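The values are calculated or read from the model by the stated rules, or taken from the named source; none is laboratory data. Only a predicted model underlies this, so the values are computations on that prediction, with no experimental measurement involved. In this analysis, Cβ positions are derived from the backbone assuming ideal geometry, glycine residues included, and neighbour counts consider all displayed protein chains. Ligands, DNA and RNA are excluded from the accessible area calculation, which covers all protein heavy atoms including side chains. Shrake-Rupley method; radii C 1.70, N 1.55, O 1.52, S 1.80 Å.
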Amino acid sequence: MKLKHFLKISDFTKTQLLQVLDMSNSLKTSHREKKLKQSLSGKSLVMIFDKPSTRTRLSFEIGMQELGGIAVVLQSRDTQLGRGEPIEDAAKVISRMCDIIMIRTFDQKSVESFSNHSCVPVINGLTNEHHPCQILADVFTFMEYRGTIENRKVTWIGDLNNMCFSWVEASSILDFKLNISCPPALKKNFVSSILPTARNCTFFDDPFEACENSDLVTTDVWTSMGYEDEEDKRKKLFGKWSVTKDKIENAARDCLFMHCLPAHRGEEVSAEVIDGPRSVVWDEAENRLHVQKALIEFLLLGRYN
Ligand code: CP
Ligand code: NVA
C-alpha cells in the first residue's frame, strides 16, 4: 500500500475526506453500541508532543486502545529530540518501531521533514500553521447536525491561526463558503500567503456583518501556543472579535457555534454563547475520538483511492 501522510487538510482529496467522515460515522455508531472491532490489533501509534494537549492526546490514545492497538506518548523534552537529535534521524528510528506517528509541534516544516524520512504514515496533531484533525472533527460535527456542509456558510471570527488555515483549506475542497473576520492589520500577510487556496473565502472587517446568515460561527483563542509573549498586545487587538450573543443572533436562526477548546470565556467567546443553546463544543470535542480512529484505519488499512 502506498505510504500516505495527513499533514494538512489538502493532503486528502474531497473523496478521501468524505470517506474518512463516513468511516467516522460508522465508528461512532459502533462505539455507542459497544460493538467496536479490534481493527488495529497489533498496531502501534507513537505520539510526539512539543506542546501541551488534553483532547488530542486522550482521543488518540484511547482511540488506539479501543481498536485493539497501543499508543506510546513521547514528550519531546524527555527524548533525544529535546537535546538536538536531528528530526530526520529521529524519524528514521521511530518509524522503524511503530506503525503510525502523530506529531504536535511548532513549524509545519518540521512535520514535513519528519514525514519525508518516515517509513510509516505521519499525522499532524497541530502545528502553528494547521490543525487538520480538529477540522475533520468540526466538519463531522456539522454534518451530524445538518447532513452536509456543501454550499453552507461558515464564519470564522478572530485570529488567523492554524485552525483558520485548516478551515480555509476545507472550504476549498469541500465546497462551502467561509467568511473570515479578523483585525484588518492581520489580513494583509494572511491574504497573500493563502489566497491561492482561498477560493471560497470572503473577508470582513466587521465581525457582526461576517456572521450574517451563517450556518456555523466558530472561533479560537486569541493567543495560540507558542505566541504567549504577545498575549497583552493580542487582548487589545482582538477586543471587538469576541463571539457574543448579538453576533450569533445575526447568523441563521439554527446557526451552530464551535470552538476547538480550550476556550477563554469573556475573551474570544462569551459564556452565554459557549454554554448556550447553539453551542456544540462538547460533541465537537468527543468527535475527535471517532474521526481520528477513522483516519488511522484509513491510513493503515487502506480504503483510499
Ligand atoms: N483542540 C485541541 O486540539 O485540544 P488539545 O490542545 O487539548 O489537544
Ligand atoms: N490555535 C490554538 C489551538 C489549540 C487547540 C493553538 O494553537 O494553541
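Checked against (1) away from ligand 2 (no atom under 14 Å from the Cβ); (2) open to solvent by less than 10 Å² (accessible area, probe 1.4 Å), Ile157 passes all but condition (1). Residue count for segment 62-74 satisfying the condition of being open to solvent by less than 50 Å² (accessible area, probe 1.4 Å) and either within 15 Å of ligand 1 (Cβ to nearest atom) or polar (S, T, N, Q) (or both): 3. How many residues does segment 276-305 hold that are in a loop (DSSP other than H, G, I, E, B) and modelled with pLDDT of 95 or more? Residues meeting the conditions: 4.
Restricting to helices (runs of 4 or more DSSP H) lying wholly in segment 21-138: which have 3 or more residues that are over 24 Å from Ala170 (Cα atoms) and at pLDDT 95 or above? Give the derivation first.
Values: elements: 55-66, 87-95, 108-116.
Fully inside segment 21-138 and qualifying: 55-66, 87-95.
Being open to solvent by less than 30 Å² (accessible area, probe 1.4 Å), basic (Lys, Arg), farther than 25 Å from Leu27 by Cα and touching a helix residue (DSSP H, G or I) at 6+ places or on another chain (Cβ under 8 Å) holds for only one residue in Lys247, Lys240, and it is Lys247. Is at least one residue of segment 152-164 at pLDDT 95 or above, within 16 Å of ligand 1 (Cβ to nearest atom), closer than 20 Å to Asp11 by Cα and touching a Cys at 6+ places or on another chain (Cβ under 9 Å)? Yes, that holds for at least one residue.
Starting from residues that are within 24 Å of Val111 (Cα to Cα), hydrophobic (A, V, I, L, M, F, W, C) and away from ligand 1 (no atom under 12 Å from the Cβ), keep the ones in segment 31-61 and report whichever is surrounded by the fewest Cβ atoms within 10 Å (Cβ to Cβ). Quick ask: steps written out before the conclusion?
The initial filter retains those residues of segment 31-61 that are within 24 Å of Val111 (Cα to Cα), namely 40, 43-61.
From the residues that got through so far, the ones that are hydrophobic (A, V, I, L, M, F, W, C) too are 40, 45-49, 58, 60.
Subset that is away from ligand 1 (no atom under 12 Å from the Cβ): 40, 45-46, 48.
Details: Leu40: 24, Leu45: 26, Val46: 19, Ile48: 25.
Once the filter is applied, the top-ranked residue is Val46.
Listed conditions (1) away from ligand 1 (no atom under 16 Å from the Cβ); (2) of a type outside the set (Ser, Thr, Tyr); (3) part of a helix (DSSP H, G or I); (4) open to solvent by 50 Å² or more (accessible area, probe 1.4 Å) are all met by Val273, apart from (4). Count of segment 75-100 residues, restricted to those that are surrounded by fewer than 19 Cβ atoms within 10 Å (Cβ to Cβ) and within 16 Å of ligand 1 (Cβ to nearest atom), is 1.
May I ask you to say which residue of Thr244, Thr223 is under 21 Å from Asp205 (Cα atoms) and within 16 Å of ligand 1 (Cβ to nearest atom)? Before you say what the answer is, go through the steps one by one.
Values: Thr244 fails: within 16 Å of ligand 1 (Cβ to nearest atom).
None of the other options fit; the residue is Thr223.
Kindly establish whether Leu289 is touching a residue at least 12 places away in the same chain (Cβ under 8 Å), within 30 Å of Lys2 (Cα to Cα) and in contact with a His (Cβ under 8 Å, 6 or more places away or on another chain).
Values: touching a residue at least 12 places away in the same chain (Cβ under 8 Å): yes; within 30 Å of Lys2 (Cα to Cα): yes; in contact with a His (Cβ under 8 Å, 6 or more places away or on another chain): yes.
Yes; evaluated as a whole, the condition is true for this residue.
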